[in-house]
Structures are given as C-alpha cells and as structure tokens.
Amino acid sequence: MIEARGLARTFTGRRGTVEAVRGVDLSVALGEIVGFLGPNGAGKSTTLRMLTTLLAPTAGSATVAGRDLRTDPGGVRRRIGYVAQGGGTDPSVPAGEELELQARLYGVADPAARIRELARRLELDGEGLLARPSAAMSGGQRRRLDVALGLVHRPPLVFLDEPTTGLDPQSRGHLWEHIRRLRDRDGTTVFLTTHYLDEADALCDRVLIIDRGRIVAEGSPAELKRRVAGDVVTVELAGSGAPLEQVALRARTALAGHSAVREATVLEGALRLTVDDGDRSLMSLIRALDEAGVELAALRMARPTLDDVFLTVTGRSLRDSASAAA
Ligand SMILES: Nc1ncnc2c1ncn2[C@@H]1O[C@H](COP(=O)(O)OP(=O)(O)OP(=O)(O)O)[C@@H](O)[C@H]1O
C-alpha cells in the first residue's frame, strides 16, 4: 500500500535549515494498522504530509495506494483519505452538510446513502447530531466526524494524524474500536501518527519509531519490545534465616550461565533479571533456582514498554523527549 524510499524534507527559512525528515524508507502492507510513533518534532507530520501529497519531498520517492507520489499526485489523492491533526471541519457548518459537500467533491454515487452508512458506523446517527455544527459537538464526536469526512469516498488507505490527541480516555478507546473495525470489516489500511505509547501498543499491528527525522526501530509492538528490551523478571527470595542479600547473590550465581539471562542485578534483597522471551524462559529459570536450592518467595514478570524500546535505541526516554519538546 505504501513503499517509500529515501523520503526527505528540508525546510529553509530565515532561522536556517531544518532537516525535518532525513531519508525515510517504509513499507506498509494491505490491511495493516501502522503507527508512526515519535516525540514532538520528530518528523511524523512532515512525513505524513509528504505521503498525502500536501508537501513536496526534497528527496526520495514513494508509491502510495498504487500511484507514484511525484508523477501522479492526483491519483494518490483520489485513493487515500486524510484526517489532519485537529481536523478540517468548519465549526459553523452542520456536520451533515460537511459530509455532503465532501461526498460531492469526490463524486460519490449516492451521497445520502453513504452518509447514512458512515453515520451509523461512526455513531454519528444520534438524535439530530448531523444537523449540528462541529462547534456544538463533543471532542469525541468531532473526531469521529473528521474520520467520517476522510472516509466518504471509500479510500482503501487512510492517514490519521494524531487521531486521539486531546480526547479523554473513554473517547480514545472508543475511536480505537472504530479504527480496528475499519481494518477488520473493510480491509482498510490505516497509517496513523501518535506520540502516545499506549496507543501505538494497543492499536497498531506494526509500529515505526521515528526520532530526529530518521526511523530508528520498526516491528510489531511485541516484536519491538522482545527484540530490543527483553522482559524484566523480579525474583523475591525466601531467606529461611540466611541474609537475603546473600541468598540473592547465590541466586545470581545459579543463573549466571542461563542462556536467556542478559543481565542480573541484586536490588534490595531481590534479584532483578533482564531476560529474553520471559514467557518461555520463566519455567527454566525457576528450575535452575530450584536445583541450586534457592527458595523463592515470589516471582514477577513485567513487560517492557515501548518507552523502554525508545530508550534502548536512542538513549533517551520518549516520555521525557515528548514533554521536553512540548
Ligand atoms: N514549515 C516548516 N518550516 C520550518 N520547519 C518546520 C516546518 N514544518 C515542520 N518543521 C520542523 O520540522 C521538524 C519536524 O516537524 P513535524 O511537525 O514533522 O514533527 P512531528 O513529529 O509531527 O511533531 P508533533 O508531534 O509535534 O506534531 C520540527 O523541528 C519542526 O519544527
């Protein structure tokens, strides 16, 4: 659905040159929900604006929905939907009229039927809702209207720029459901940007992490977390009279040669392990400790977050970078 090679964009202004996107390669397959994750200013919107023909690349090439970005931008536009950050509705125009105008712009065959269908799917069919201007809607309703506008012409590929920014947790979860249904029911490919770690994790089949204009990691959320960070296992020990620190050191020695253990630290009388594929290695860790006569009080496994992944590949926390730039 998307193949981009060496996509780059430089902005030159009075304050100098900004290399917003520095040679991005990416592939998106049919029917995937792909998340573009990165801190503020990483280059997400610039990449999205290039892929949607709104901004000309300084270098590189891309095929989007089967059309060449440079030679056939009109073809790309007809085949994609784009929902901008903050949407594009006129706050004073009734929602139904906005949808109708959009349907006519794209030459949709039976606009009224398409609008009814979209309103039903995106729960905009409540009492008098389409007669209201977006200024008189809740944040969640307005966002669903933005998405409906991007879908009027049934595009096989839709771009969503920070679709849930500013929404309360309930409305965010609600919109995620709608986005999943787009994929599951219509096979629509979704490419979205976000700086929410939990959103990328919960919603996306695949995540591309961008930092300072470059893609620094990609994979499914589970793959990324497994590949880059391992799992964190905390082993609490039963002393049976012996000082815990001593038992912890014995436990560490027992696991020193274990193939899944990457790192073992004694911390406040417990053993903290970073292990490969915790799900599979947990049983053999317990066995090794048992064979060494180490008595366990409790065992906890925590999954690394996408922030751990970002930390591993960039040396910075995405949370800190995001709040520092905001
Ligand atoms: N028109 C422009 N002129 C100059 N610099 C720009 C322009 N648009 C973007 N930039 C710069 O390019 C870099 C990338 O911006 P971009 O908006 O793509 O980041 P982003 O990852 O989408 O951030 P956010 O999460 O805040 O939307 C930033 O340093 C930004 O200041």
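Below are the figures for this structure:
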item: Residue check, Leu182 assigned by TED's automatic domain parsing to the domain that holds Pro39 and either modelled with pLDDT of 95 or more or within 16 Å of the ligand (Cβ to nearest atom) (or both); result: no
item: Filter result for Pro133 (over 24 Å from the mean Cα position of the chain (by Cα) and under 24 Å from Gly23 (Cα atoms)); result: no
item: Qualifying residues in the stretch 38-81 (those that are hydroxyl-bearing (Ser, Thr, Tyr) and in contact (Cβ under 8 Å) with a residue 24 or more places away in the chain) - the one surrounded by the fewest Cβ atoms within 10 Å (Cβ to Cβ); result: Ser61
item: Yes/no for Leu145 being within 16 Å of the ligand (Cβ to nearest atom) and touching a residue at least 40 places away in the same chain (Cβ under 8 Å); result: no
item: Residue check for Ala119: out of contact with any Lys or Arg (no Cβ under 6 Å at 6 or more places or on another chain), of a type in the set (A, V, I, L, M), modelled with pLDDT under 95 and over 25 Å from Met1 (Cβ atoms); result: yes
item: The listed residue being without any contact (Cβ under 8 Å) to a residue 60 or more places away in the chain, more than 16 Å from the ligand (Cβ to nearest atom), more than 20 Å from Ile33 (Cβ to Cβ) and crowded, with 22+ Cβ neighbours inside 10 Å, out of Ala242, Ala256, Ala251, Ala238; result: Ala251
item: Answer from Pro91, Pro133, Pro156 - the residue that is surrounded by fewer than 20 Cβ atoms within 10 Å (Cβ to Cβ) and at pLDDT 95 or above; result: Pro156
item: Close pairs (9 angstrom Cβ cut-off, 6 or more residues apart or separate chains): of a type in the set (Ser, Thr, Tyr) in the stretch 24-37, assigned to a loop (DSSP other than H, G, I, E, B) anywhere; result: Ser27/Met1
item: Residue within the stretch 265-288 that is assigned to a loop (DSSP other than H, G, I, E, B), buried (at least 19 other Cβ atoms within 10 Å of the Cβ), away from the ligand (no atom under 16 Å from the Cβ) and under 35 Å from the mean Cα position of the chain (by Cα) present; result: no
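The values are calculated or read from the model by the stated rules, or taken from the named source; none is laboratory data. Please read all numbers here as calculations on a predicted model, not as lab measurements. Quick reminder, even Gly has a Cβ in these numbers, built from the backbone with ideal geometry, and neighbours come from all protein chains shown.
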